[in-house]
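Have a look at the structure below before the remarks.
The values are calculated or read from the model by the stated rules, or taken from the named source; none is laboratory data. Model, not experiment: these values are computed from the prediction. Counting neighbours? That spans all protein chains shown, and the Cβs are built from the backbone with ideal geometry, glycine included.
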Amino acid sequence: MFVNNMKSIYKNILDCKKIGKKLFAVLIDPDKVNKKSLNLIIAESNQNNIDYFFIGGSLLSQNKLDECISLIKENSNIPIISFPGDSMQVNSKADAILFISLISGRNPEMLIGKQVITAPIIKEYNLESISTGYMLIDSGKSTSVSYISNTTPIPHDKNDIAVCTSIAGEMLGLKLIYMDGGSGAQNSISKEMIYSVSKNINCPLIVGGGINNPEKAIEKLNAGADIIVVGNAIEKNMKLISEISTKIKNTKWNAL
């Protein structure tokens, strides 16, 4: 078994932001992988030194979360961050959890209801909890997260709404802002929106959804994202892990 004596994940994210180091997370939906494909993703991720595994999904109907995390732990020392789509998706084997409030929507269950149920479980597990303002951005089609959360995404061209929402999230004390187009997003979040949000907040910014090639990954990071998350595209082409990782390491970062 791999042993990982890491410091606080959030502190690591902050330290990287201070020096301008961009981070790459691979998102794994336990429902969409089997043991063989997961082992391949783990091997590719180890070889290319990705920064984090994000684990979670909108449904997780097959109850494979624990099995998935255990397999990663046995074969990698890359930190695992739980990215829960529901209050049931909390696992003590993760290294940290994004304690998410869906601030782009107006569904009270996703703003605070699910969190009330989950908080004592996270405390009992002694998981590092990173409060995260989750902003769903319209990606050109309906996604699982918009349907399950019963919320309307922020329109893709309404940069001012995204900016005001992110500022409010930071003022409420949230430690991360996560802008997402959702799993299988048709369109990725525009560089203009990312730039507008990033220059108006001080906390780290995560961007995911619709990033399906190295060029889009670099575009999002160069626009101001501190962490990019890629999941659905990797399920279709695992070589993207190497391609994106190599591109990130060989890029000099300049804001728009």
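Give the residues of the range 200-230 that are of a type in the set (Gly, Ala, Ser) and within 17 Å of Thr251 (Cβ to Cβ), sorted by residue number.
Within the range 200-230, Ala217, Ala223, Gly224, Ala225 meet the criteria.
How about the range 208-256: which helices (runs of 4 or more DSSP H) wholly inside it have at least 1 residues that are within 17 Å of Asp51 (Cα to Cα), in contact (Cβ under 8 Å) with a residue 40 or more places away in the chain and of a type in the set (Ser, Thr, Tyr)?
Fully inside the range 208-256 and qualifying: 239-249.
Does Asn46 satisfy the criteria of being surrounded by fewer than 17 Cβ atoms within 10 Å (Cβ to Cβ), farther than 22 Å from Gly209 by Cα and polar (S, T, N, Q)?
Yes.
Tell me the residue from Ile117, Ile130, Ile103, Ile41 that is out of contact with any helix residue (DSSP H, G or I) (no Cβ under 6 Å at 6 or more places or on another chain), modelled with pLDDT of 95 or more and of a type in the set (A, V, I, L, M, F, W, C), please.
Answer to the selection: Ile41.
Name the residue that is surrounded by the fewest Cβ atoms within 10 Å (Cβ to Cβ), counting only residues in the range 68-124 that are assigned to a loop (DSSP other than H, G, I, E, B) and aliphatic (A, V, I, L, M).
Met88
Would you pick out the residues in the range 23-80 that are touching a Pro at 6+ places or on another chain (Cβ under 8 Å) and of a type outside the set (S, T, N, Q)?
The answer is Asp51, Tyr52, Phe53, Ile55, Gly56, Gly57, Leu60, Lys64, Leu65, Glu67, Cys68.
State all residues of the range 67-85 that are more than 11 Å from Ile28 (Cβ to Cβ), of a type outside the set (Ser, Thr, Tyr) and touching a Lys or Arg at 6+ places or on another chain (Cβ under 7 Å); if no residue qualifies, say none.
Correct list: Lys73 only.
Can we say Ala185 is touching a residue at least 60 places away in the same chain (Cβ under 8 Å) and of a type in the set (Gly, Ala, Ser)?
No: the conditions fail for Ala185.
Specify which of the listed residues (Ile161, Ile130, Ile148) is in a helix (DSSP H, G or I), under 20 Å from the mean Cα position of the chain (by Cα), of a type in the set (Val, Ile, Thr) and under 23 Å from Val229 (Cα atoms).
Ile148
For the subset of the range 190-248 comprising residues that are in contact with a Pro (Cβ under 9 Å, 6 or more places away or on another chain) and charged (D, E, K, R), which member is surrounded by the most Cβ atoms within 10 Å (Cβ to Cβ)?
Restricting to residues being in contact with a Pro (Cβ under 9 Å, 6 or more places away or on another chain) and charged (D, E, K, R), the top hit is Asp226.
Checking Ile167 against (1) in a loop (DSSP other than H, G, I, E, B); (2) surrounded by fewer than 18 Cβ atoms within 10 Å (Cβ to Cβ); (3) out of contact with any His (no Cβ under 7 Å at 6 or more places or on another chain), which test does it fail?
(1)
Answer with yes or no whether Tyr178 is among the aromatic types (Phe, Trp, Tyr), under 22 Å from Lys17 (Cα atoms), outside any helix (DSSP H, G or I) and in contact (Cβ under 8 Å) with a residue 40 or more places away in the chain.
Answer is yes for this residue.
Does the range 11-42 hold any residues that are closer than 19 Å to Lys73 by Cβ, under 16 Å from the mean Cα position of the chain (by Cα) and among the hydrophobic types (A, V, I, L, M, F, W, C), and which are they?
Ala25, Val26, Leu27, Ile28
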